[in-house]
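The structure under discussion appears below in the form of C-alpha cells.
The values are calculated or read from the model by the stated rules, or taken from the named source; none is laboratory data. This one's a predicted model, so the numbers in the text were calculated from it and none came from an experiment. With ideal geometry, Cβ positions are generated from the backbone for all residues, glycine too; neighbour counts draw on all protein chains shown.
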2 protein chains.
Amino acid sequence: MAVTMKAVAERAGVSLPTVSRVINDAAYVNPETRARVLAAIEALQYVPNQAAASLRSNTTKTLALLVPDIASSFWTTLLRGVEDEAMARGFHVFLGNTDDDPGKEARYIEGLIRRRNEGLLIAPTPKSIPLLRRLEQQGMRCVIVHRPFPGVEIDSVRSDAYTSAVILTQHLLAAGHRRIAFIGGEAEQRRLCAYHDTLTAAGYAPDPALVRIGTLSERVGEHLVEALLTLSPPPDAMFIGNNRLAAGALHALGKANAERATPIAIAAFYDSAALSTYAPPMIAAIQPAYEIGRVGARRLFDRLGGKPVESRHILLANQIMVIGGPEPRTNGIDPRDVSPYAV
Amino acid sequence: MAVTMKAVAERAGVSLPTVSRVINDAAYVNPETRARVLAAIEALQYVPNQAAASLRSNTTKTLALLVPDIASSFWTTLLRGVEDEAMARGFHVFLGNTDDDPGKEARYIEGLIRRRNEGLLIAPTPKSIPLLRRLEQQGMRCVIVHRPFPGVEIDSVRSDAYTSAVILTQHLLAAGHRRIAFIGGEAEQRRLCAYHDTLTAAGYAPDPALVRIGTLSERVGEHLVEALLTLSPPPDAMFIGNNRLAAGALHALGKANAERATPIAIAAFYDSAALSTYAPPMIAAIQPAYEIGRVGARRLFDRLGGKPVESRHILLANQIMVIGGPEPRTNGIDPRDVSPYAV
DNA sequence: GTGAAAGCGCTAACAT
DNA sequence: ATGTTAGCGCTTTCAC
C-alpha cells in the first residue's frame, strides 16, 4: 500500500535497520548515511507505521486520561497538565469521557488494553477500583487523579479539600460570622466534615438547619441559597463546597447582597477562573487542576521508568484566593508550582 | 510477553483463524466451538493486540478531532457529537489541542499518520489548508468543522452565522431600535457583514462609531461595552458577535441596565447553555456544536465507506432563542435534530 | 557503523 | 465450518 521503510532503504542504498536507527536516533549513524536516508524519507514522503513498530517493540508511547466530564473546565485544565508532561516525553494522550458510568469506563479500558496503552490516569468511581487492580497485571500502570480512595494501594494525586475547607471556615469565623450555612454535594463529605470540625473546635455548635446537600447543578445551587435566605434570621455567611453549585449560588447571592445593608459573606470551592472576574466578593478555594494532571503524569512516568517512588498518595494544596477588591489577594500559592507533599 | 491468540487457540483446541473469527464476528462459527474459544479467552484473560491486528488488516478504527481549545464548551460539546457517532460504529476518537498553532497542529497530524488514523475532523487555521490537502494522499480522510474556507475542496460542516446574524439584527430593528452597536472579533467578518447588510437593506446607515472589534476575551467584551456606554446618545441596542466577548459584555450590560429606565436591548452569539440561565434578557444565536460534531463524523464515515456524497459543504442552522421571560422562547429548532442543508 | 535474519501477533487468502 | 500458509512493516539480535 503506502511507502514502507524498505522503499526508503532501497532508495538510500542502505539496509532496513539503518533507516530505523536514523528515525529513532537509536544508535550512531554516519552523518553522510544519515543524510542520504533523510533525503530518501523526504523524497518518498515516508511516514513510519506505528502499528508495526509497536508490534515489534512492544511500546506505544501513549497514555490515557479517563475523566467523568470533559465539558467541565476542571478536567480540561487537568488534561492540559497531563498533555504538557506527556508531550515533553514524546507521548500522546488518549482522552475518554466516562460520565461516571462504570459500563462506559470498562469499555474504554478494554480498548486501552487492546491498544497496549502504557499508562492510565483516571478519576474512577468506587466500583471501578477492582477493575483498576487487574490493570497492572495487563501491563498498564495506573494513577488515580483528584478522587480520594483511602486504603487503596493504587497511586493517587489529588488536592487537599479538607484543609482548604478548614481555612475557608476559619476565615468566615475570623470575620465575625456565626450563622454560617453549608451548601454541598453528596460526595463532598470531607468538606462538610471540615466545616463541622472547625465550627466545633472554635466552640460553636453547627446548626443542622444551615446545612443543605443537593445534586450538582447551577439551579440547585440557586434554589438552596434562596431556601436559606427565607430562614429568620438568615445566615450571615455561606460556604459553598462545589464549583457547579457555586455558579448558581453566587448568582442568587449577588442579587440578594445588592439589596442588603450587610452583605452575606461567601466562601466557595470555585474553579471557574474566567468567570471569577465577575463573581461577588468572596474567599475561594481553587483546585490546582493543571498541577494534578502534571504531577499525576509525572508519577506515571516514574512508575513506567521503574524509578523508586517514595509514596503512593500525593496531596497538593489548593490556592486560597480572596476575590472582591480591585486586586485579588491570594495565599501566594501559584498552582503551577505547588510542591506535592506525601501522606 | 502477554498471552497471545496462539495460547487461546491451543487451549480451545482450534486454529488461530477460528479464534480471530470469534473475536471479530467475522464469519459463522459453530456455537460449540465458539463457546470453547470464549471460555479459553476468559480463562486466560486474553485481550487482542490491536497493533498486530492493525498491521495486518491495515485499519485502526480510530479517528481524530483537532480543535483549538478543549477548554471551551463549544468544542467539548462538538467532541461529544463526534464521540457518540464514532462509538456507535466501534471507532475511537483521538483528541488534540492545537491552540491554533500551526506547529502543534503539524506535530499532531504527523502522529496521526504514523498511527494510521483513518479520519480527521479539524478546525484548521488558514495556514493548515495545504497540509490537509496532502493528507488524503496519505490515506486519511478529512472534514473541516465549524470554520469557513470558501473555495477549498475539502468537506466541511459548520453553522450559518450570516443568516443568524441577519435574524438577530432584524429582531433588534423590529423592536424599534436604531442605534445598534456591534461588538465582535477579527474573525467574525460574516457576522459584521450581516449586521451591515441588514441595517442597509432596512434603509439605515450603519454608524462606524458603533462598531467595535476586539480580541476574544471576557475583559475586552466588558471594556467595549463600557466604551460604547460613554457615547452620547448611547446605543439603544447591542449585538455581540462572539461567545467569549459576550460573557464580559453581558456582565457590564447587566449592571448598566439595572440602573436604566429603558434597558439596552441585547443580541448575542452565546453558547454557554449552563450560564444562559443567568444572562440578562436577550436574543441569542446558539450554535449547534453537538450536531456539527455528529454530522461531521457522519460525513467522514460516508467518505470512509466510499458512499457517494452529494455536497462537500454542509451548513447547519443556529438555534435562535429569546432569553428573559420565565420560559425562554425559541425558534423551535432543537439543535439535536436540525437537518443539514448543502451549499 | 552497518547488514542479514528472525519474528512480534494477528488476519487474508486460500483450501478443504 | 475450520485449518494451512503466508506475510503485514517494523525492531531486535547478532554478526562483521
Could you tell me whether the stretch A:289-312 includes any residue that is among the hydrophobic types (A, V, I, L, M, F, W, C), within 14 Å of another protein chain (Cβ to nearest Cβ) and touching a residue at least 24 places away in the same chain (Cβ under 8 Å)? yes
Cβ pairs under 8 Å, 6+ apart or interchain, first in the stretch B:1-21 and part of a loop (DSSP other than H, G, I, E, B), second near DNA strand C (Cβ under 8 Å from one of its atoms), ordered by first then second residue, are B:Met1/A:Asn58; B:Ala2/B:Val47; B:Ala2/B:Asn49; B:Val3/B:Tyr46; B:Thr4/B:Tyr46; B:Thr4/B:Asn49
So how many residues does the stretch B:37-58 have that are within 12 Å of DNA strand D (Cβ to nearest atom) and surrounded by fewer than 20 Cβ atoms within 10 Å (Cβ to Cβ)? 5
In this structure, does B:Arg191 turn out to be of a type in the set (Lys, Arg) and within 19 Å of B:Leu316 (Cβ to Cβ)? yes
One residue from B:Leu55, B:Leu121 being within 14 Å of chain A (Cβ to nearest Cβ) and at pLDDT 95 or above: B:Leu55
Counting only residues that are touching a residue at least 24 places away in the same chain (Cβ under 8 Å) and in contact with a Lys or Arg (Cβ under 9 Å, 6 or more places away or on another chain), the stretch A:22-40 contains a total of 4
Looking at A:Val3, A:Val47, A:Val14, A:Val8, which one is of a type in the set (A, V, I, L, M) and near DNA strand C (Cβ under 9 Å from one of its atoms)? A:Val14
Just to be sure, is B:Gln138 under 21 Å from B:Ala249 (Cα atoms) and polar (S, T, N, Q)? no
Return only the number of the condition from (1) away from DNA strand C (no atom under 16 Å from the Cβ); (2) farther than 28 Å from A:Pro102 by Cβ; (3) surrounded by 18 or more Cβ atoms within 10 Å (Cβ to Cβ) that A:Val19 does not satisfy. (1)
When you check A:Leu66 against the structure, is it more than 9 Å from every other protein chain (Cβ to nearest Cβ) and at pLDDT 95 or above, yes or no? yes
Could you go through the stretch B:216-233 and let me know if any residue there is within 31 Å of the chain's Cα centre (by Cα), under 28 Å from B:Ala289 (Cβ atoms) and not in a helix (DSSP H, G or I). yes
Would you say B:Val309 is at pLDDT below 95, among the aliphatic types (A, V, I, L, M) and farther than 24 Å from A:Gly254 by Cβ? yes
Being of a type in the set (D, E, K, R) and more than 13 Å from chain A (Cβ to nearest Cβ), is that true of even one residue in the stretch B:77-89? yes
Does B:Phe94 count as touching an Asp or Glu at 6+ places or on another chain (Cβ under 8 Å) and either of a type in the set (Ser, Thr, Tyr) or touching a residue at least 12 places away in the same chain (Cβ under 8 Å) (or both)? no
Regarding the stretch B:173-187, can at least one residue be identified that is in contact with a Gly (Cβ under 8 Å, 6 or more places away or on another chain) and either over 15 Å from B:Ala265 (Cα atoms) or among the basic types (Lys, Arg) (or both)? yes
Collect the residues in the stretch B:152-166 that are more than 19 Å from the chain's Cα centre (by Cα) and in contact (Cβ under 8 Å) with a residue 60 or more places away in the chain, keeping them in residue-number order. B:Glu153
Consider B:Arg147 against the criteria (1) within 14 Å of another protein chain (Cβ to nearest Cβ); (2) part of a loop (DSSP other than H, G, I, E, B): it satisfies all of them except one. Which criterion is unmet? (1)
Keeping to the stretch B:20-36, report how many residues are under 40 Å from the mean Cα position of the chain (by Cα) and more than 7 Å from DNA strand D (Cβ to nearest atom). 6
I'm trying to understand the selection: among the residues of the stretch A:278-306, which are buried (at least 24 other Cβ atoms within 10 Å of the Cβ) and assigned to a loop (DSSP other than H, G, I, E, B)? A:Gln287, A:Pro288
Taking the conditions exactly as written (modelled with pLDDT of 95 or more, of a type in the set (D, E, K, R) and crowded, with 22+ Cβ neighbours inside 10 Å), does A:Glu226 satisfy them or not? no
One residue is enough: does the stretch B:154-166 have a residue meeting the conditions of a type in the set (Gly, Ala, Ser), touching a strand residue (DSSP E or B) at 6+ places or on another chain (Cβ under 6 Å), assigned to a loop (DSSP other than H, G, I, E, B) and over 25 Å from A:Arg115 (Cα atoms)? no
Here's a check for you: in the stretch B:187-215, which residue that is assigned to a loop (DSSP other than H, G, I, E, B) and over 17 Å from B:Val166 (Cβ atoms) is farthest from the other protein chains (Cβ to nearest Cβ)? B:Ala205
Selection from the stretch A:94-112 of residues that are within 8 Å of chain B (Cβ to nearest Cβ) and crowded, with 21+ Cβ neighbours inside 10 Å: A:Phe94, A:Leu95, A:Asn97
